[in-house]
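Below you'll find the structure I mean.
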Amino acid sequence: MNQILTRLGQWLPQAALLLFALLLALPVLALGASWLQFNAEAQDVLRQMAATVLPEYTWTSLLLCVAVALAVALVGMCTASAVTLFDFPGRRVFEWALLLPLAMPAYVVAYAYTDFLQFSGPMQVFLRDTFGLRGRVFPEVRNVWGAVWVFTFSLYPYVYLLARTALSERAAQLMEAARLLGAPLSRRIREVALPLARPAVAAGVALALMETLADFGVASYFGIQTFTAGIYKAWLVMDNRLAAAQLATLLLLTVALLLWLEHRAQQRMRFASLRGMRAGSAEAQPSRLHGARAVWAWLVCGLPVLFGFVLPVLFMLRPLVGGWDDLPWNSFVQWARNSFGLAGLSALLATVAALALGFAQRRQPTLLTRGAVRVVSLGYAVPGAVVVVGLLLPVGWLQEVAPESSVGYWVTATVLGIVWAYLVRFSAVALQSVQSGYARIPSSLDDSARMLGSTGASLLARV
């Protein structure tokens, strides 16, 4: 009997976590189940799109992803290296200022740049009137490369934040050993410090790419034919929700491949870093920069903040000058309260879920737990409206089977459905951050804690 209770106690927490993972993955699984339904009209829509527009959608999405991946990796890594490896005036300010673009949705940034820089915008009108220029002064903003610009300066904080954390906790004894072996600072940074951040950079790039693939606002406003635009076209223009769901599963397969490649990269570049080792090493402290080098550091850190936050905010504030009294401030307060409340609750639940799922995978890396974590991570690549469709599909099936059930009401008429959709959409962000942090904790610490009697929740809380 005791043996049965012991086994039950070991499996109950894992079963509860798997059930929670199933709830998060349910919309994704519902999209996959759409292929089990045969619908002649949906098949015709897919065949027509495959013969006409899907190749262009796929090529445009691929080009966008490659360009964004290279750009966010470069900007995020350079800024993270500047604020962690060097000391210069204003470094403390840049540490948090570099996160500000996360507060600006990419489609808002796209609108701000387009409104200010387009042919009829104030910038080109001013230049033509002042200098007597004719025609277009700046190249067209609304194209693929304009989207790359917007995504780069909107999404680089994903790479910056994870890389900064990894570099700030780098193994000080390795830097010290490289110095004793005669390696100059540039080589120590290139061959010791930066490789330690590669798992974090891979995780940040994966998040940026999933955000790019799921975007519809920038693609729609710029007139770019991406795969996500094809999903919306199948749903809204061709009025076939099933075809849209099936196209969304193809996007999920691409993201699953991306996550697998990122996981393989992290497995080959796993580094453990003990926080306590940096305190006693002077080499772990940032190198002081002066003169021209400090100016370069300022430019490296200041330009992303300028392009990703300061300029878009100024562009949007310009039309409001002189019209502040006409704004519905009371409504703004209520909207802000609702937004912050939903965001705070969703962030808290997503963090708790990520800690629990990441710990379960670390503690028992079975095929089941790894698969559950990967499926949960797929939700971030699904456009928000498609997540809602995936959420409503199983609810609709349940209502057909059990008409008396009140599940449909709780999901569609209360805040529960919104929070559920947010968790499905954004749990991957928390998971990537948590797993990047777990990768830097030596597994020997877990073994030592178990030998000292810490298991389960105690091990999670203390180690």
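Can you find even one residue in segment 354-363 that is within 30 Å of Tyr232 (Cα to Cα) and under 19 Å from the mean Cα position of the chain (by Cα)?
yes
To continue, here is another question. Kindly indicate whether Val313 is in contact (Cβ under 8 Å) with a residue 60 or more places away in the chain and touching a helix residue (DSSP H, G or I) at 6+ places or on another chain (Cβ under 7 Å).
In short, no.
With the condition kept exactly as written, say whether any residue in segment 50-65 is farther than 30 Å from Tyr156 by Cα, at pLDDT 85 or above, in a helix (DSSP H, G or I) and of a type in the set (D, E, K, R).
Within segment 50-65, not a single residue is farther than 30 Å from Tyr156 by Cα, at pLDDT 85 or above, in a helix (DSSP H, G or I) and of a type in the set (D, E, K, R).
Quick check, is Leu64 more than 17 Å from the chain's Cα centre (by Cα), among the hydrophobic types (A, V, I, L, M, F, W, C) and under 21 Å from Met210 (Cα atoms)?
So Leu64 does not fit the description; no.
Further question on the same structure: Do we have any residue at all in segment 74-85 that's within 22 Å of the chain's Cα centre (by Cα), surrounded by fewer than 18 Cβ atoms within 10 Å (Cβ to Cβ), part of a helix (DSSP H, G or I) and free of Cβ contacts under 8 Å to residues at least 24 places away in the same chain?
Taking every residue of segment 74-85 in turn, at least one turns out to be within 22 Å of the chain's Cα centre (by Cα), surrounded by fewer than 18 Cβ atoms within 10 Å (Cβ to Cβ), part of a helix (DSSP H, G or I) and free of Cβ contacts under 8 Å to residues at least 24 places away in the same chain.
Considering only helices (runs of 4 or more DSSP H) fully contained in segment 323-441, which possess at least 2 residues that are of a type in the set (Val, Ile, Thr) and touching a Lys or Arg at 6+ places or on another chain (Cβ under 7 Å)?
Filter on segment 323-441 gives 384-401.
List every residue pair whose Cβ atoms lie under 7 Å apart, where the two residues are 6 or more positions apart in sequence or sit on different chains, the first residue falls within segment 215-240 and is farther than 20 Å from Arg425 by Cα, and the second residue, located anywhere, is basic (Lys, Arg) and surrounded by fewer than 21 Cβ atoms within 10 Å (Cβ to Cβ).
Going by the 7 Å Cβ cut-off, the qualifying pairs are Phe222/Arg142; Gly223/Arg142.
Scan segment 363-381 for residues that are surrounded by fewer than 17 Cβ atoms within 10 Å (Cβ to Cβ) and polar (S, T, N, Q) and jot them down.
Gln364, Thr366
Right, here's the next one. Search segment 300-334 for residues being of a type in the set (A, V, I, L, M, F, W, C) and within 12 Å of Leu98 (Cα to Cα), and hand back the single one that is surrounded by the most Cβ atoms within 10 Å (Cβ to Cβ).
Cys301
Considering only segment 284-321, state which residues are closer than 21 Å to Tyr113 by Cα and not in a helix (DSSP H, G or I).
If the condition is that a residue be closer than 21 Å to Tyr113 by Cα and not in a helix (DSSP H, G or I), then Val321 is the only one that fits.
Can you go through Gly291, Gly223 and tell me which one is exposed (fewer than 14 other Cβ atoms within 10 Å of the Cβ), over 26 Å from the mean Cα position of the chain (by Cα), among the small types (Gly, Ala, Ser) and at pLDDT 85 or above?
None of the others qualify; the one that does is Gly291.
Please verify whether segment 350-362 includes one or more residues that are loosely packed, with under 14 Cβ neighbours inside 10 Å, modelled with pLDDT of 85 or more and more than 26 Å from Gly217 (Cβ to Cβ).
Within segment 350-362 (the criterion being loosely packed, with under 14 Cβ neighbours inside 10 Å, modelled with pLDDT of 85 or more and more than 26 Å from Gly217 (Cβ to Cβ)), the answer is yes, since at least one residue qualifies.
Say we look at segment 382-403 and pick out the residues that are β-branched (Val, Ile, Thr) and buried (at least 16 other Cβ atoms within 10 Å of the Cβ); which of these is nearest to Val429 (Cα to Cα)?
Of everything passing the filter in segment 382-403, Val382 is nearest to Val429 (Cα to Cα).
Still on this structure: Could you say whether any residue in segment 322-341 is in contact (Cβ under 8 Å) with a residue 60 or more places away in the chain and not aliphatic (A, V, I, L, M)?
No, segment 322-341 has no match at all.
May I ask you to list the residues in segment 226-267 that are β-branched (Val, Ile, Thr) and crowded, with 16+ Cβ neighbours inside 10 Å?
Thr226, Thr228, Ile231, Thr249, Thr254, Val255
Taking Ala457, is it at pLDDT below 80 and under 30 Å from Leu29 (Cβ atoms)?
yes
Return the pairs, sorted by first residue and then second, in which the second residue is part of a helix (DSSP H, G or I) and among the polar types (S, T, N, Q), the first residue lies in segment 360-380 and is under 18 Å from Ala33 (Cα atoms), the beta carbons are less than 7 Å apart, and the residues are 6+ apart or on different chains.
If the second residue must be part of a helix (DSSP H, G or I) and among the polar types (S, T, N, Q), the pairs left are Val376/Ser427; Gly379/Ser427.
Pairs, please: C-beta under 9 Å, at least 6 apart or cross-chain, first residue under 12 Å from Pro89 (Cα atoms) and in contact (Cβ under 8 Å) with a residue 40 or more places away in the chain and in segment 292-303, second polar (S, T, N, Q) and buried (at least 17 other Cβ atoms within 10 Å of the Cβ)?
Cys301/Thr79
The values are calculated or read from the model by the stated rules, or taken from the named source; none is laboratory data. All values derive from a computational prediction rather than experimental measurement. When we count neighbours, we look across all protein chains shown, and the Cβ atoms used for this are built from the backbone with ideal geometry, even at glycine.
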